[in-house]
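Here the structure comes first, spelled out in structure tokens, and everything after it is commentary.
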Amino acid sequence: MNAVVSDVKYLQEEIKKLASEKKAVILAHYYQRPEVQDIADFVGDSLELARKAKETDADIIVFCGVRFMCETAKILNPGKKVLHPNPESGCPMADMVTKRDIEQLKEKHPDALVVSYVNTTADVKTVSDICVTSANAVNVIRKLDAKKIIFVPDQCLGQWIAKQVRDKEFIMWKGFCPPHFEFTAQEVERLKERYPDAPVAAHPECHPKVTEMADFVGSTSQIIKYATTCEADKVIVITEVGLKHTLKKKNPHKEYIFPESMNYCGTVYCCTMKGITLDKVYETLKNEINEVVLPEDVIEKAKKPIERMISVL
């Protein structure tokens, strides 16, 4: 066993030991580094992690994800200690819209409901009517009484939802997910030519020109189910490369093809998700540092749209 593998295994064992001693639960998003996913008690997408955060009876939540996810965990568990292994791991898309932006939109469209993607800051959630994730957005929005929807911040997800829910008017904010926005129709076309028998599964945060070419469009968890259970031996997957680890664990008999530019040395991956390392998880849990702290009034107001989302499901 080489030194690097040995160090990884040692850190993983120490983290798990600490978690047991401190009655801590470790939650990780699918886009985390493989070695971080492997020490998590639960790996999931935004919706699954929100549910787990709400259900946990642990004293400490160590959240291996970006900042808005940690804030959501704190909002749902105000009495628990929520730790973020890398406080600098934010979400560029979440930062593309502010509370003031929402207030100005509501002034222009007083008859519209504000639907915020869960990929938003706690402050934005305080002025939102309901939250959604990519897994439940279509279902939730279909059930809303309002005919006009202010959707923030992801224009790509918003456009995909609008195609499924044609009886409502959408006012889209022009935010986007930088990694998903990098994928191009030309890349997908090249992969389809190279693997003509492989279906394409894409995340709705991708550009509409990409999702239009896909055989399946869905959230991270939905892509996992599709890619691991469909009849094809090879599946082209257009989303963050961290998902490949879970796909191979779920069904190692299939080949999962990601765009070639998407690797840890390239540019098309979520650098903020990858900012969390085993070292940072260990130090954070050992010293109980990097605690997520939110004002009580923010927690109270932001909790309402999140709980409304969960109740609609």
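The number of residues in the range 42-88 being polar (S, T, N, Q) and either within 13 Å of the chain's Cα centre (by Cα) or buried (at least 24 other Cβ atoms within 10 Å of the Cβ) (or both) comes to 2.
It is to be established whether one or more residues within the range 73-82 are in contact with a Cys (Cβ under 8 Å, 6 or more places away or on another chain) and touching a residue at least 60 places away in the same chain (Cβ under 8 Å). Yes, there is a match, as at least one residue in the range 73-82 is in contact with a Cys (Cβ under 8 Å, 6 or more places away or on another chain) and touching a residue at least 60 places away in the same chain (Cβ under 8 Å). Condition check for THR211 on (1) buried (at least 17 other Cβ atoms within 10 Å of the Cβ); (2) in contact with a His (Cβ under 7 Å, 6 or more places away or on another chain): one failure, at (2). When you look at ALA202, is it of a type in the set (A, V, I, L, M) and in contact with a Leu (Cβ under 6 Å, 6 or more places away or on another chain), yes or no? No, not satisfied. Pairing each residue of the range 89-110 that is in contact (Cβ under 8 Å) with a residue 40 or more places away in the chain with any residue that is outside any loop (DSSP other than H, G, I, E, B) and of a type in the set (S, T, N, Q), provided the two are 6+ apart or on different chains, yields no C-beta distance under 7 Å. Here the condition is being outside the structural domain of LEU243 (by TED's automatic domain parsing), over 19 Å from THR246 (Cβ atoms) and either surrounded by fewer than 16 Cβ atoms within 10 Å (Cβ to Cβ) or touching a strand residue (DSSP E or B) at 6+ places or on another chain (Cβ under 9 Å) (or both); of TYR30, TYR10, it holds for TYR10 alone.
Within 30 Å of LYS225 (Cβ to Cβ), touching a residue at least 24 places away in the same chain (Cβ under 8 Å) and surrounded by fewer than 21 Cβ atoms within 10 Å (Cβ to Cβ) - does that describe any residue in the range 153-161? Within the range 153-161 (the criterion being within 30 Å of LYS225 (Cβ to Cβ), touching a residue at least 24 places away in the same chain (Cβ under 8 Å) and surrounded by fewer than 21 Cβ atoms within 10 Å (Cβ to Cβ)), the answer is yes, since at least one residue qualifies.
Residues that are out of contact with any helix residue (DSSP H, G or I) (no Cβ under 7 Å at 6 or more places or on another chain), part of a strand (DSSP E or B) and surrounded by fewer than 21 Cβ atoms within 10 Å (Cβ to Cβ) do not occur anywhere in the range 116-139. Quick one: would you say VAL36 is touching a Cys at 6+ places or on another chain (Cβ under 7 Å) and assigned to a helix (DSSP H, G or I)? Yes.
Taking the residues in the range 215-240 that are buried (at least 20 other Cβ atoms within 10 Å of the Cβ) and of a type in the set (A, V, I, L, M, F, W, C) as candidates, determine which candidate is nearest to PRO179 (Cα to Cα). Going through the qualifying residues, I end up with ILE238. Only one of the numbered conditions (1) crowded, with 17+ Cβ neighbours inside 10 Å; (2) assigned by TED's automatic domain parsing to the domain that holds SER221; (3) not in a loop (DSSP other than H, G, I, E, B) is violated by ARG190, and that is (1).
So, in the range 92-114, exactly how many residues are of a type outside the set (D, E, K, R) and farther than 10 Å from GLY175 by Cβ? Qualifying residue count for the region: 9.
Within the bounds of the range 85-101, is there any residue that is under 20 Å from SER219 (Cα atoms) and either of a type in the set (Val, Ile, Thr) or not in a loop (DSSP other than H, G, I, E, B) (or both)? Yes.
Could you say which residue among GLU260, GLU187 is acidic (Asp, Glu), without any contact (Cβ under 8 Å) to a residue 24 or more places away in the chain and out of contact with any helix residue (DSSP H, G or I) (no Cβ under 6 Å at 6 or more places or on another chain)? Before the answer, list the steps.
Numbers: GLU187 fails: without any contact (Cβ under 8 Å) to a residue 24 or more places away in the chain.
Answer to the check: GLU260.
For the range 195-288, the strands (runs of 3 or more DSSP E) that sit wholly inside it and include 2 or more residues that are of a type in the set (Val, Ile, Thr) are 234-238.
The values are calculated or read from the model by the stated rules, or taken from the named source; none is laboratory data. Because the structure is a prediction, the values reported are computed rather than measured. Counting neighbours? That spans all protein chains shown, and the Cβs are built from the backbone with ideal geometry, glycine included.
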